[in-house]
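What follows is a set of notes on a single structure, which appears directly below.
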Amino acid sequence: MQNRFGFLTGGCLSIFLLAACGNDTSPAALTQATPAPAPAPSIEKGTAATLALLETTDLHTNVLSYDYFKLAEDKSFGFERVATLIKNARAEFPNTLLLDNGDTIQGTALADYQAQVAPIACGTTLAMYKVMNTMGYDGGGIGNHEFNYGLPYLNQVTGNKFNVEGLPDPAKQTACAGPAFPQVLANVLSVKSKEPLFQPYTILTRELKAKTADGKEVTAPIKVGIIGFTPPTILSWDKRWLDGKVYTAGIKEQAEKYIPEMRAKGADLVVVISHGGLDNSAYSPTMENANYYVSQVAGVDAMLIGHSHQIFPNATSTVPQFNLPGVDKVNGTVNGVPTVMANYWGKHLGVIKLELAHDGKAWVVDKAKTKVETRSIQNADKTYVAAEPSIAAAVAAEHQATIDYVKTPIGSTDFQMTSYFADVGEVGAIELVNQAQADYVAKYVKANLPAYATLPVLSVSAPFKSGFGGGNDYTDVAQGNVAINNAADLYLYPNTIYAVKVSGDNIKAWLETAAKRFNQIDPAKTTEQALISSFPGYNFDMFTSADISYEIDVTQPVGSRIKNLSYKGAAIVGTQEFIVATNNYRASGGGNFPGLDGSKTILAAPDANRDVLIAYIKSVKAVTRAANGSDRSWKFTKVPTAGPVIFNSSAGKLAIATAAGLTNVSLLRADEGSGKNLSVYALDLSK
Amino acid sequence: MIAMAVTRTLRTRPGVQKALASAALAAALAGVGGAAWNNHAAHMPDAATIAVLAQQAGPGRDAKAEQVLRQFAESSKRASVQRELGEALLTRNTPRDFAEGIVWLEKAAEQGDADASMALGKLRFLGTPFLAQDYPRAYRYFAAAGAQGHAGAAYYLGLMLRSGYGVRENRAAAARWFALAAEKNSAAAMFMLANAYREGDSVPRDEARARELYEEAAELELPEAIQTLAMAYRNGELGLAQDEMQARHFTQETAHALKHPALTP
């Protein structure tokens, strides 16, 4: 543990010792009839001190430099490395305050594990907060992602007693283990109490290592007020948790209300910890990024910002928010207020160095000497700073538990689930996804959308990995146990599940667009013809269900290829209505599919398609070729061709096509010639 | 920790609750008591104060704030106040509040308030449990707001014209509306326009312009735009060189943005 301030040692870290350094002043504490604090010891005029504000932001529970999807180290991020920068800064500056900007408790498998898989006990401190305690944070703000797991969880892990609907009366709550530093948030209020959910601000009293005008080393007290804000847009983003329970007040208005109060209570400096970026469009109390206006509130000495995953100051930044009038992206000021944004995931540490001088009455910042910078965990030579070893040691058990969870078999499969031949009819890596999506949406509709209860629920998905990167760029889950990390192979992107209500005409147009995957084949041509066009595989949506069937006639031009489209044996009528499960990307216009533009969405679920798939595998336990990997909804329209129709796939996989029942595929050339581990296969369209 | 414990004790004391009540509401209430405000525009609360009251009345479910807002709406007859009250009532999501909210929005729209027309258009375009879908009426509301350059309305006019919802399909006109909305920072419109440029769908095919628009929308945290870039880097599309690191970065950013997407207009 580093010493943060002269003689204030690390004792404050223990919950039990907190009382001994309980020199933080919250708003409510000062309204209590406590004896007036003893007058501050007089500080000699001309006494000078250097104080560095250190910011982390958007850590997202990246405690270690570790990628839980790849199950491998990734040194390009991680709190364990920014911790080294923190230690270095503490060695460099005589006085530091370490503050976190929020988006702290969500974002990795470790976070999900502690929140949802094996929810932590009341007496246990969250791994992220545990290591922040180890580093001796002085305070923190609250980001929007803090609300992602709901209010009861946030209440628990922050050691609070929220006075909100859905939780017992605060008097009946026991505070759980939380961070050993104060958290502040001034613009989220409880509907029940009309008061801020968290304490809006607190005033930290610290002893500065300082020098008198004649060079004598002394300690001198300072009071630093910290106040926190989060984007008001949380009310939309986490509506399911927050609607009717909390609301927001305008960020500027709350700053104007509380900052004078903080000053009146003796704050020498006011530091705003605001989870948000900059936006100079007309001010509104509900705007997401209000800090441009916060900087114009009187009495703000520094702003620690975040949320945008950007670096500020940054002379070369082209992002609009750092190129506004009044924003100095070189020196790091916003309307003259020193401001820092420290990227995300512990990639950077933000530093605002303030040179303070006491004029006999108050501490005054010498603005000309303020220095704002961010420090990267990546060295100039592209290597990364060493990890602070105490961090990994502190979370070894949680880290291992998460890895075990990711590797735990969630079910098994009796066949090799691959996408090598998805372009020509292999459904082994797609049908399970469609089944999981349809199951999820059907259950949702039944429970929540009675008006649509009679509509058929279908599902589409595409082969996201379809060989662009060569023979290894395919989904391939081995026969045997299926684990959580296999789900990322079966569903590559982090999409969320959406459902759209569409007509039969819409479905036909959807499939016509997907069928752009194929070149138009001339049956009379005697030379080789490539089957696959440049239309990406991730847009080759397909149904895989016994209920729906269609043909793709690749001899026809784009837009006229879908034939014999039928549902349960009867031709689909244009006006017939269906619900189709898909993802946010497609439902919101991704791929430019006709009629898919967000307006047909009847369900925009917060759940990831991949998580829906995991849950489905857990429920079926034993995945089989017969039940989960053989329902082909579509076939090529049969036509004899004079010459070969060819396509590339991974080398030496013909047996997989055969096992999938594709009798019309043969190997033409074992080596495609590009050195990418591909073979050339032929498709016999007459079969 | 100690400080928070003290806060909690104090929250239960009514005197403190009163002290912590919003300054804006207090100011607004003072205005009501002050009787003179409706004769002098100077005493009318500014837009931000009205917006704060609307937050309290709507998401905050605050009856007092609703009452104050209603008084302002009734006596001032200002479109912006009528609309704020209407929208606050809509957020409460009950049939009664909804019906009343529509009435206030209509009053504001009749006075030419573009935001109110936009809100009504969206309700009619999507339909709600309380209000049936009605494309022609939606189009009229959007057209009224779009004529004033309203970005959200321009986006919806683009959608309606692109797919011919209740109007004759006109994809070139759709692209023009999307361009207008994109100019005004609508991420959703940037995405639709980018798709059009990528495909050459009623505008000249222009991958560079498409990529610029995807990047702009990604900057505004539109998950679908970020994912488009992730896929493009993975597959070397949109004129980008294949770049596994960038693909991973944008994939991670997609997951991140999906927790707080750019809001649909």
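Read the figures in this text as sums done on the coordinates, not as results from a lab. Please read all numbers here as calculations on a predicted model, not as lab measurements. Cβ: placed from backbone, ideal geometry, glycine included. Neighbour counts: every protein chain shown.
Quick notes
- Taken over the C-alpha atoms, chain A has Rg and Dmax values of 29.9, 99 angstrom.
- Projected onto their three principal axes, the Cα atoms of the stretch A:94-217 cover extents of 60, 35, 24 Å, largest first.
- Potential extension, residue A:674-residue A:298 segment - 0.36 nm per residue separation minus Cα distance: 128.9 nm
- Kirkwood-Stokes translational diffusion coefficient of the stretch B:91-179, alpha-carbon pairs, 20 °C, 1.002 mPa s, µm²/s: 164 µm²/s
- Approximate spin-label separation residue A:390-residue A:71, in nm, with each point projected 7 Å along Cα-to-Cβ: 3.2 nm
- Mean residue ellipticity (222 nm) of chain A, computed from DSSP H runs ≥ 4 via -39,500 (n - 2.57), nearest 500: -5500 deg cm²/dmol
- In the stretch A:156-273, the C-alpha radius of gyration followed by the widest Cα-Cα span (Dmax) gives 17.7, 61 angstrom.
- With the cut-off at under 12 Å, measuring from each backbone N in the stretch B:143-177 to a point 7 Å along the Cα-to-Cβ line of residue B:209 picks out B:175-176.
- Distance (nanometres) between label positions extended 7 Å along Cα→Cβ at residue A:566 and residue A:44: 9.8 nm
- Residues whose amide H falls under 5 Å from that of residue A:530, counting only those 5 or more places apart or on a different chain, are A:646, with hydrogens built in the peptide plane.
- Taking the alpha carbon gyration tensor of the stretch B:187-265, multiplying each eigenvalue by 5 and rooting it gives semi-axes of 19, 17, 7 Å, largest first.
- Counting only the Cα atoms, the stretch A:331-410 fills a convex hull of 202 Å³ per residue.
- DSSP beta bridges in chain A [antiparallel fraction, %, rounded to 5]: 70 percent
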